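The values are calculated or read from the model by the stated rules, or taken from the named source; none is laboratory data. Predicted, not measured: the structure shown is a model, and the values here were computed from it. In this analysis, Cβ positions are derived from the backbone assuming ideal geometry, glycine residues included, and neighbour counts consider all displayed protein chains.
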Amino acid sequence: MGEILQYLLTGLSLGGIYALVALGFYIMWEASKAANFTHGDVYMFGAVLTVVLVEKGLPVLLAAPIAIAAAAVIGALVERLLVRPFNKEPNAIGWMLTTIAAGIMIESMATITYGPLGRPLPSPLAEQPIRFGGAGIYPQEMLLPIAAVAAMFGLEAFYRRTTLGRAMRAVAFNRTTAGLMGINPNRIALIAFALAAAIGALAGILIAPVVQAMPAMGTLIGLKAFGVAIVAGIANARGVVVVGICYGVIEKFIEGYISSGARNAVGFTLMILALLLFPQGIFGRREVVKV
Amino acid sequence: MIWNFLRSTSRAPAVLAGTALVLSLSIAPANAQKAEPCIAGSWELTGALAHTGLAIKMGIDAAVDEINEAGGVLGQKLRVIAYDDQGEPSRAVDNARRIGERDNCIIMIGGYRTPNALAIRTVLNEIGQPWMGVISAGTRVIEWESGKNEWMFRVSAKDRWVAPFLVDHALQRTKAKKIGFMFEATGWGQGAVPDVEAAAKAKGTALVGKETFNIADQDMSAQLIRLRDAGADTLIFYTVDRETDAILRSMDRIGYKPTIVSAWGIGVQLGKTAGPLTEGVLVHGTFAWTGQLSPRAQKVWERIKAKEKLKDPSELVLPSGTANAYDAVYIIAEALKIAGAYDKKKLRDAFYQVKYEGIIANYDPAFEKTVERHDAILPAHYKLLAYHKGILLPVAQTPHALRF
C-alpha cells in the first residue's frame, strides 16, 4: 500500500512538470501553429539562472521572478528570430530546425559557462518530507501539480476575461480574420511565446531544489512534454494538464513495477497507442479546413 | 633528365649519401623504441564529466612541474599533452594511436572511465605503448581475460579489491547483519556485481537485496522500498554523485536511513548538492586533501592551489584521482631513471624495479611481474572517508569512526 501511495505522490509531482511545460507548447501552438523545441531548455534556463543569482547573493524570492522575466525575453526572441521568419507559409516547417538547433546551442552554452554539474537551490520546502502511510513527499514537489492546475485556471480566466486573452483566442481561431479585425497576429505570437517561456521557467525553478539545476535537465522533459501536448490534442489546456499529470503517474508506476529503464520505452509506446486510438489527441477536436 | 643530373660527378656523392640516409631512417624505427619525453593523456576535458579530466591533469601538472624544476628526467624536461575524448571510447582509441604513433610519447596516462580504458587495450598492445591508469578502477582494465597484459599499469583502485574493502566495513557496522547493494546500470556498476557477491560469500554472508537504476534517474523509491522491506540496514553503493543525490532524497522521503558504504563514484560534488543528507556516508578513496596533510602533501596542495587559483581543498572535486596522478608521474620518473633512456620497452621493464614513497603509499615495490600486480596501490593502502557537514574527510577526523 505504501508503495502505491509513493508512486502516486511522486507521479503527481513529475506530472506537474510535464503539465506546466506542455501548457507552454499549447500556448505557443495556439498562437502561431508552431512548436518551439527550445522550450525544454527555457525550463532548464529558469532553474540555472535562479541558482546563479542566488549564489551571487540575491534572495530566492527576487532571483526567481528575475529568471522568469529573463526566460520570457528569451521566449520572445525565439519567436521573433527563429520562428516568425520561418513560419510564413501555411505549411512551413523551417521553425523545427531553427528551434531544435537553438535548443542544442542553449544547452551547450550553459554547459560551457555554468558547468555540467548540478548545483543546489536551497528551499525550506525541500528539507523535511511529509510522511504518511509508508510514503513521503517534499512539500516542494507538491507545488508542481498545484502550479499546473493554477496555471490552467489562470489561463482560462485570461483567455475569457481579458482583451489580450480574447485576442489570442481570435488569432488561434483564424489568423487572417483576426488580422482583419485589427489584431496584430505577430505581436500576439510574441506575447504567447514569452508567456509560455515564463511558465516553463517557473516549472524548472519549482523543481530545482529537489533535483539540482544542471544544463542537461531540459531536453528529455521538453520532448516528453511535447509528446504529452500532442497526445492531449494540443488545442485544449485542460486536456494538456490532465494528460501531463496522468503521464507522470504512469511513468512512476512503470518504474516501480517494471524498471526505470522501461519507463521511457513503455511510456512512449503508450503515447503512440493513444495517438493511434485518438488521432486528434485524446481531448482534441477535428480540424475542419475549407479548401 | 635524372641521368644527366646524376652524371655530374660532383652531385653523385650527395645523392648517394641522401639515399643512404633515407634508407637508414626507414629501417631504424622498427628496432628502437625511442620515444619523446612527453606524458600524454586522453581525458574527458569537455562534456558532462569535464571536471574529472581537469582533476587528473592537475595532479600530473603538479608532479611534472616539480620534476622539471629539479632538472627533469635523464636531462630532459617532461611535456604534458592533453587530448579530449569527451568520455567516448572510440575517441580514446584514436587518441591512443595518436599518442603512441604520431606523438610517440614515452607513456600514456589513463582517464576517468573504465569503458575507455577497456577500449584501448588492443591498440596499446599492438603499438607497444606503456600506459598508466590513474582512475578507471575496473578489474578487467589490468587483469585481461586472456591473462596477458604487457603494457598497462595502474596507480589507482582495483574493483576486485574494493569490493572486499567495502564489504568488510559494511559488516563492521551492520547491526542486523543484513547488507544490501545498490548499483548503477553501467559497465562499472554491473561489473562490480560478481566482485561484491564473491566478497560477501568469502565473509560468510549474502546480500539480502540487489537493486539497480539508470543514469539520470531521479527517483529510486521503488528500489529502496524493496531493500527496506528486505531488512537491509547497511547498503553498499556503486553509484556516482548525481544519482546518489536522488537516492538520498528518495531515502529521505520514505524515512529510510541505512548506513551507506560506497565505492568512490561519489565525492565532493555530492556533499555540495545533498548537504546534510550525506552525513555519515562512508566512501572508499585512496587519498583526501581535506583535513590533516603530511608535509609533502601540504606542499603539493600549495602548488596546485596557486596554479589553479583555488581557495580550499574541498574544491578538488576528484581528490583520489589527483593524488593518484601525482604519484603515478613520480613512479614513471623513477622508472625512467632506472631504464636509463626514453625507450618504451626499457621503461616497461623498469617498472618492476621501482620502489618509491609517494603521498598515497610507500610503493615497495610498485609493480610485480604478475598481471594482478600491475596495480600499484594495494588494499592495505585504501582509505575510508566519511562525509561530515558536507565535507569528505578521512573517517578518523569525523565523528563517524568506529570506536573499539
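The figures follow:
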| quantity | calculated |
| --- | --- |
| Which listed residue, of B:Ala297, B:Ala341, is under 26 Å from B:Trp43 (Cα atoms), touching a residue at least 40 places away in the same chain (Cβ under 8 Å) and among the small types (Gly, Ala, Ser) | B:Ala297 |
| Residue within region A:100-110 that is within 14 Å of chain B (Cβ to nearest Cβ), surrounded by 15 or more Cβ atoms within 10 Å (Cβ to Cβ) and in contact with a helix residue (DSSP H, G or I) (Cβ under 8 Å, 6 or more places away or on another chain) present | yes |
| Any chance A:Phe253 is farther than 30 Å from A:Val54 by Cα and more than 11 Å from chain B (Cβ to nearest Cβ) | no |
| 2 or more residues more than 14 Å from chain A (Cβ to nearest Cβ) and either farther than 30 Å from A:Pro139 by Cβ or small (Gly, Ala, Ser) (or both): qualifying strands (runs of 3 or more DSSP E) within region B:199-307 | B:234-238, B:259-262, B:282-285 |
| Test: residue in region A:93-112 that is farther than 21 Å from A:Met152 by Cβ and among the acidic types (Asp, Glu) | yes |
| Residue check for B:Leu392: in contact with a Ser or Thr (Cβ under 9 Å, 6 or more places away or on another chain), surrounded by 22 or more Cβ atoms within 10 Å (Cβ to Cβ) and not assigned by TED's automatic domain parsing to the domain that holds B:Val80 | yes |
| Elements of type helices (runs of 4 or more DSSP H) in region A:184-291, at least 2 residues being under 21 Å from A:Phe37 (Cβ atoms) and polar (S, T, N, Q) | none |
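Matching residues to (1) away from chain B (no Cβ under 14 Å); (2) within 30 Å of B:Leu248 (Cβ to Cβ); (3) in contact with a helix residue (DSSP H, G or I) (Cβ under 6 Å, 6 or more places away or on another chain):
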{"site": "A:Gly134", "(1), (2), (3)": "no, yes, yes"}
{"site": "A:Ala148", "(1), (2), (3)": "yes, yes, yes"}
{"site": "A:Phe153", "(1), (2), (3)": "yes, no, no"}
{"site": "A:Leu180", "(1), (2), (3)": "yes, no, no"}
{"site": "A:Val210", "(1), (2), (3)": "no, yes, yes"}
{"site": "A:Ala213", "(1), (2), (3)": "no, yes, yes"}
